[in-house]
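A short worksheet on the structure shown next.
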Amino acid sequence: MSKILVTGGLGYIGSHTVVALQNAGYEVVIIDDLSNTDIDFLDRITSITNIKPTYFEIDLKNQEKVNEFFQQNKVDGIIHFAAYKAVGESVEKPLMYYRNNLVGLLNVLDAMKDFDTDNIIFSSSCTVYGQADKMPIDEKTPLKKPESPYGKTKQMGEEILEDFSSAFDKNVICLRYFNPVGAHQTAKIGELPKGVPNNLIPYVTQTAAGIRETLSVWGDDYPTRDGTAIRDYIDVNDLADAHVKAINRLVEKKNKSKLEFFNLGTGTGSTVLEVVNAFENANYLKLNYQIKERRAGDIIEAYADNSFAENELGWQPKTTLAESMRTAWEWQKGLEK
Ligand code: WQD
């Protein structure tokens, strides 16, 4: 059985991917520093699959601890989620973001070189495209300088991996997520942002739960069908499935080059108001929201051309926006209990 290291494996996308890997027959070992999650996600994952992943609480910025891990654990591949991801916070604390996201990655790559691990999947983001000139966005779309230090760490991470894969003959896949949403069907794992949520869906669910007074819709004067911005909301379970297919590709040596990029989105754009309506209809409730000014740094529109992932990974997103809204709400309601 192949053994996969999942860094950030107790986080939102990480925990869903650990479940999917275990269900696919992989042995999983998790490294997580618990900076943006809770240790009870380990039990939550185990309660879904009945397989407790091996877990190490390690800060990837500690190179000595990272090397110690690799000395003691031989892995066939790595899925690297561990990074800070709050766009707004990255603007206030850029050095914290560069240090955490880039030093953590570099320590993992150094260890891959020193301990002969050949395969890595990198958690990247459509933010590397900035506001693309044409829709849908495919992997050949020219990259633009991201607005936020968070987005820059994703773009720099990809550039580091490009040089790493050619210098040391390593296999790299960068998965560029669009907007991850939803939760596991069991409602045992989901998105658990610390503090005031930056992202749309946790703010929606916390408003519906009465934790937040009202949802601010940031801008209705965009050049779109209803004036609100368009994004591609991809279900987290479909994202997890894409990671399993990507690691299969590397472990089974089916990758056609040392460095590959895949856009992971549904291929359909939704406006903020369409998402609000989808949430209300899926959960038979009315949401409190107010139209506010645009949020600085937001782009107008982004949705994926996911045909490369469909053709090369055999990946097909299956979850509807309505279903993602339903599972997001079930997860939120479960948190109150
Ligand atoms: C989506 C839309 C907002 C909150 C970022 C990162 C990306 C990824 C997801 C990290 C926008 C609007 C939001 C709110 C709103 N990575 N919105 N009211 O900015 O597209 O992408 O997060 O997790 O890499 O770039 O996601 O969810 O913040 O915003 O109106 O309270 O919802 O203006 O149009 P974004 P988001």
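The values are calculated or read from the model by the stated rules, or taken from the named source; none is laboratory data. Everything numeric in this text was worked out from a predicted model, so none of it was measured. Positions of Cβ are backbone-derived with ideal geometry, glycine not excepted, and every protein chain shown enters the neighbour counts. Keep in mind that these areas ignore ligands, DNA and RNA; they rest on the heavy atoms of the full protein, side chains included. Shrake-Rupley method; radii C 1.70, N 1.55, O 1.52, S 1.80 Å.
Residues that are open to solvent by 50 Å² or more (accessible area, probe 1.4 Å): which strands (runs of 3 or more DSSP E) entirely in the range 28-142 hold 1 or more of them?
Details: elements: 54-56, 77-80, 119-125.
Here the list reads 54-56.
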Return the pair list, or none, for Cβ contacts closer than 9 Å from residues in the range 304-323 that are at pLDDT 95 or above to residues that are in a loop (DSSP other than H, G, I, E, B) and aromatic (Phe, Trp, Tyr), at least 6 apart or on different chains.
304/178; 306/178; 306/315; 309/315
Criterion violated by residue 211 - all others in (1) within 10 Å of the ligand (Cβ to nearest atom); (2) over 22 Å from the mean Cα position of the chain (by Cα) satisfied:
(1)
Which condition number does residue 154 fail, the rest of (1) more than 20 Å from residue 256 (Cα to Cα); (2) open to solvent by 60 Å² or more (accessible area, probe 1.4 Å); (3) basic (Lys, Arg) being met?
(2)
Residue set 204, 251; condition over 21 Å from residue 151 (Cα atoms), buried (at least 21 other Cβ atoms within 10 Å of the Cβ), of a type in the set (A, V, I, L, M) and at pLDDT 95 or above; output residue 204
For the range 282-319, which residues satisfy the criterion of being open to solvent by 80 Å² or more (accessible area, probe 1.4 Å) and within 20 Å of the chain's Cα centre (by Cα)?
316, 318
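Any chance you could count how many residues in the range 262-281 are acidic (Asp, Glu) and either touching a helix residue (DSSP H, G or I) at 6+ places or on another chain (Cβ under 7 Å) or open to solvent by less than 40 Å² (accessible area, probe 1.4 Å) (or both)? First the steps, then the outcome.
Narrowing the range 262-281 to residues acidic (Asp, Glu): 274, 280.
Keeping just the survivors that are either touching a helix residue (DSSP H, G or I) at 6+ places or on another chain (Cβ under 7 Å) or open to solvent by less than 40 Å² (accessible area, probe 1.4 Å) (or both) gives 280.
Going through the range 262-281 one residue at a time, the tally reaches 1.
Among the candidates 179, 199, which residue alone is within 11 Å of the ligand (Cβ to nearest atom), at pLDDT 95 or above, touching a strand residue (DSSP E or B) at 6+ places or on another chain (Cβ under 6 Å) and polar (S, T, N, Q)?
Values: 199 fails: touching a strand residue (DSSP E or B) at 6+ places or on another chain (Cβ under 6 Å).
Within the list 179, 199, the selection yields 179.
Select from the range 181-193 the residues that are farther than 22 Å from residue 296 by Cβ, of a type outside the set (Ser, Thr, Tyr) and open to solvent by 20 Å² or more (accessible area, probe 1.4 Å) and list them in ascending order. First the steps, then the outcome.
Residues of the range 181-193 farther than 22 Å from residue 296 by Cβ: 181-192.
Those left that are additionally of a type outside the set (Ser, Thr, Tyr): 181-185, 187-192.
Once the filter is applied, which keeps residues that are farther than 22 Å from residue 296 by Cβ, of a type outside the set (Ser, Thr, Tyr) and open to solvent by 20 Å² or more (accessible area, probe 1.4 Å), the range 181-193 yields 184, 185, 187, 188, 191, 192.
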What about residue 284, is it hydroxyl-bearing (Ser, Thr, Tyr), more than 10 Å from the ligand (Cβ to nearest atom) and over 25 Å from residue 18 (Cα atoms)?
yes
If residue 234 meets every condition in (1) under 23 Å from residue 185 (Cβ atoms); (2) touching a Lys or Arg at 6+ places or on another chain (Cβ under 9 Å); (3) open to solvent by less than 10 Å² (accessible area, probe 1.4 Å) apart from one, which number is that one?
(2)
If the Cβ limit is 6 Å and pairs must be 6+ apart or interchain, which residue in the range 232-259 that is farther than 15 Å from residue 178 by Cβ pairs with which residue that is acidic (Asp, Glu) and surrounded by fewer than 22 Cβ atoms within 10 Å (Cβ to Cβ)?
251/76; 259/162
Are any residues in the range 239-270 under 13 Å from residue 119 (Cβ atoms) and polar (S, T, N, Q), and if so, which ones?
248, 255
Would you mind telling me which numbered condition in (1) within 19 Å of residue 199 (Cα to Cα); (2) in contact with a Ser or Thr (Cβ under 8 Å, 6 or more places away or on another chain); (3) not hydrophobic (A, V, I, L, M, F, W, C) residue 85 fails?
(2)
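Of the residues 297, 334, only one is small (Gly, Ala, Ser) and away from the ligand (no atom under 16 Å from the Cβ); which? Give the steps one after another, and end with the answer.
On the way: 297 fails: away from the ligand (no atom under 16 Å from the Cβ).
Just one listed residue meets the conditions, 334.
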Among residues belonging to the range 214-229 that are open to solvent by 60 Å² or more (accessible area, probe 1.4 Å) and of a type in the set (Asp, Glu), point out the one that is farthest from the ligand (Cβ to nearest atom).
221
Kindly evaluate residue 327 against the criterion of being of a type in the set (Val, Ile, Thr), closer than 30 Å to residue 78 by Cβ, part of a loop (DSSP other than H, G, I, E, B) and more than 11 Å from the ligand (Cβ to nearest atom).
no
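Per-residue answers, yes or no, for (1) closer than 26 Å to residue 123 by Cα; (2) in contact with a strand residue (DSSP E or B) (Cβ under 8 Å, 6 or more places away or on another chain):
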residue	(1), (2)
216	no, yes
232	yes, yes
250	yes, yes
254	yes, no
263	yes, yes
269	yes, yes
